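Take a look at the structure below.
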Amino acid sequence: MFRSLLTTVATAFVGFSSPSDAQTPLGCGKASYYTGRTTANGTAAGPGRAAHRFLPFGTRLSVTDQDTGRSTVVTVADRGPFVGGRVLDLNPKDFAALRNLSHGVAKVCVVVVGGGGT
């Protein structure tokens, strides 16, 4: 609560936002989709879940398709992808929000929009 109050005061008087409000670009690469019943962190697989090799579970990512311009927000809940050249595995529903599933692979840019830590 104190940090929130301090951030509000600092933003109002100094004109900057806290680093926790910043978005951190991870870069661009290829994303695919995968299916599964459970994830590495023990939650049920489903929409809004993604696999990343090293980001902490719970990290929220904004994923934007470079070709279509569409984007979706997912949470890291699994490990992968285990195919060379891929940066992210998405749930099929999240992949479909970016482009048609028949494409199989999408060129995406990924930005961290929320912290993880578990």
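The values are calculated or read from the model by the stated rules, or taken from the named source; none is laboratory data. Note that the structure is a prediction, hence the values are computed from the model and not measured. We place every Cβ from the backbone using ideal geometry, glycine too, and count neighbours over all the protein chains shown.
At-a-glance table
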quantity	calculated
Residue identified as over 15 Å from Pro25 (Cα atoms) and among the β-branched types (Val, Ile, Thr) among Thr68, Thr64	Thr68
Residue list for segment 47-74, filter: at pLDDT below 95 and at positive phi	Gly48, Gly58
Count of segment 74-109 residues which are assigned to a strand (DSSP E or B), free of Cβ contacts under 8 Å to residues at least 60 places away in the same chain and not polar (S, T, N, Q)	8
Residue that is surrounded by the fewest Cβ atoms within 10 Å (Cβ to Cβ), among those in segment 43-57 that are touching a strand residue (DSSP E or B) at 6+ places or on another chain (Cβ under 9 Å) and without any contact (Cβ under 8 Å) to a residue 40 or more places away in the chain	Ala44
